[in-house]
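Input: a single structure, listed below in structure tokens.
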Amino acid sequence: MLWVGASIVTVAALAALVGPLVTPFDPANQQLALRLDGPSWTHLFGLDELGRDILARVLAGARISFLVGITVVSVSAVAGTLLGAVAGYFGGVLDDVISRAVDVLLAFPGLLLAIALVAVLGPSLGNVLFALTIIGWVGYARLVRGQVLRAREFEYVQAARALGAGALRVLWRHVIPTAVPTVVVQAALGMAGAIISEAALSFLGLGVQPPTPSWGTMLNGGRAHLLDAPHLTLFPGLAIALLVLGFNFVGDGLRDLADPKRG
Amino acid sequence: MLEVSGLTTVFDLASGPAAAVDDVSFEVRAGETLGLVGESGSGKSVTALSIMRLVQPPGRIAGGRVRFKGRELLTLSERDIRAIRGAEIALIFQEPMTALNPVFTIGDQIAEALLVHGKATRREAASKVVELLEAVRIPDAAARARDYPHQLSGGMRQRVLIAMAIACKPSLVIADEPTTALDVTIQAEMLDLLREMKAAFNLSLLLITHDLGVIAETADRVAVMYAGRIVEHGPVRAIFRDPQHPYTRGLLRSMPGAADRGRLRAIDGTVPVLGAFPPGCAFHPRCPDRFEPCSTTPPSELRVGDAHAARCYLNDPSQVASRASRGSDHASPTTGRQSRTDGAR
């Protein structure tokens, strides 16, 4: 499972990296005469409602998806890990403040909160990243806090304190590393989540703005032509499904790998 | 060297605060080994953690004084106590399996002790680590330093813990059940090593154990702890030859190869759990010699010999006299049951 997922993700990443340089068509270039044309040898995925090459747009959209996934996941994983570790290790008021913030954010459906945030801040790629990070760190913080509460009682953590190590050193060297496997699994699953969320926001017109191609906006563009030109939605839809599936496979595979009960 | 007086550490349990360490006083003199004996749950480990100010919530130090080389440890700033932990007072933990971090090499972990206190630069640390491993008799030290804890046997790991403890040349080492997790042959080696390190580095040792055999072999003086209190203390010979507290006597009788060579005798009953310590003398529900005052007021410390003291009314002539005048009622079923209900309360 891990390898299937990893292969999908690798192929997609390579496509995003190299694809736009290789395709002969500009994703923004319109050939209005050929609008809605189906797949052909020149245009493998066909053309959209404005006569733009869909393959070129899917490849360009992959870049957006990876950009969003990587940024959101790395920032929220780091922030969530640090905040969760601090809450779990020091307890007291710090823990109360951080844990209540987590509770409040978890009480909202994440995507709804992101929609509200972007609606207030205005639709743009930057605001999408911001909104998804605001809801993203919570999961990591909760996981890491739980792990740190456990690790705090480990004898080697006590031993490090008895050695005279300060709180930050103990946290960094002995406590946080115990949470890394959990965070890595969560990050792989988080990539899938961030990609779907970005697509959803863009689909609603709250994300990446035209003419920049994003899989979500492409789905939205194809909506009116679902019956007469299904290839407009089929290819970006497939791309989203495949990449999300890939990341989920990677996440599940890593989880199995990190689970000592499975060989 | 170390002077503990009136140390009280309470745990804030749901049922209210409970003293795991209650008005404990003792001293460890320069160069000596003090054995702190007691069953599990008697407060030995909490005493050790309290001295180093490592008690974690819901536990807290509620009172008393801990003087170490003339400094009061309980009022030091966090920064100052950290400078003492590991550098001046080192703690050896019970479980060599779990007291080492599985993801770092043992060399790394010994070096950490040096680096934390700035006793070596990263480069110097490597050679010091090898010296320390050699000092605790680990063969092929340079290669072993690159091993992870799981690659070593229990005895080797315990040696590593000792190496970590002596890394900064502390003057006091607190060893919390250093031999409990090891099998018997290795226990003896470990005690030899501790004695050797003590001589070589001029250490004082606070040896915490439930094993009177270990005490007999290693300690100069003994303090016996029960339910958070020190019930008897004195020189090892006096404690073993002439124990004054019924609990100490019970412990000695339950030791294999003990003086009377008969069947092993267990102490009746079980150790009370924290939060439900009986009133009066906490040992009274299990005590074969209990009489009236035992279940109400805890006895104070009474001198019973040269540097030997016990907390038991049997050593108080006035109490014993009044008991004699009332007639022997201590073993009557009513008193027994009554004291037990008292205990449950």
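The values are calculated or read from the model by the stated rules, or taken from the named source; none is laboratory data. What you see is a predicted model; the values in this text were computed from it and never measured. Methodologically, a virtual Cβ is constructed for each residue, glycine included, from the backbone with ideal geometry; neighbour enumeration extends over all protein chains shown.
Miscellaneous remarks
- Filter result for B:A258 (modelled with pLDDT of 90 or more, out of contact with any strand residue (DSSP E or B) (no Cβ under 6 Å at 6 or more places or on another chain), surrounded by 14 or more Cβ atoms within 10 Å (Cβ to Cβ) and among the aliphatic types (A, V, I, L, M)): no
- Cβ-Cβ contacts under 8 Å between residues 6 or more apart (or on different chains), taken from a first residue in region A:135-158 that is more than 14 Å from every other protein chain (Cβ to nearest Cβ) and within 12 Å of A:A87 (Cβ to Cβ) to a second residue that is assigned to a helix (DSSP H, G or I) and of a type in the set (D, E), are listed as A:R145/A:D95.
- Meets criteria (of a type in the set (G, A, S) and in contact with a Lys or Arg (Cβ under 8 Å, 6 or more places away or on another chain)) for B:S171: yes
- Counting only helices (runs of 4 or more DSSP H) that sit completely within region B:86-194, those holding 2 or more residues that are at pLDDT below 90 correspond to B:122-135, B:154-166.
- Residue check for A:V185: outside any helix (DSSP H, G or I), among the aliphatic types (A, V, I, L, M) and either touching a Lys or Arg at 6+ places or on another chain (Cβ under 8 Å) or farther than 16 Å from A:S74 by Cα (or both): no
- Among the residues of region A:37-73, the ones that are among the β-branched types (V, I, T) and surrounded by fewer than 20 Cβ atoms within 10 Å (Cβ to Cβ) come to 3 in all.
- Residue that is farthest from B:S45 (Cα to Cα) [pool: residues in region B:69-104 that are more than 7 Å from chain A (Cβ to nearest Cβ) and acidic (D, E)]: B:D80
- Tally, over region A:18-45, of residues that are assigned to a helix (DSSP H, G or I) and touching a Lys or Arg at 6+ places or on another chain (Cβ under 8 Å): 1
- The condition (being over 26 Å from B:P58 (Cβ atoms), of a type in the set (G, A, S) and in contact (Cβ under 8 Å) with a residue 60 or more places away in the chain) is satisfied by just one residue among A:G88, A:G51, A:G122, A:G80: A:G80.
- Condition check for B:I138: crowded, with 16+ Cβ neighbours inside 10 Å, within 23 Å of B:E88 (Cβ to Cβ) and assigned by TED's automatic domain parsing to the domain that holds B:G70: no
- Any hit, region B:231-251, residues being crowded, with 18+ Cβ neighbours inside 10 Å, at pLDDT 90 or above and small (G, A, S): yes
- Condition check for A:R100: free of Cβ contacts under 8 Å to residues at least 40 places away in the same chain and surrounded by fewer than 22 Cβ atoms within 10 Å (Cβ to Cβ): yes
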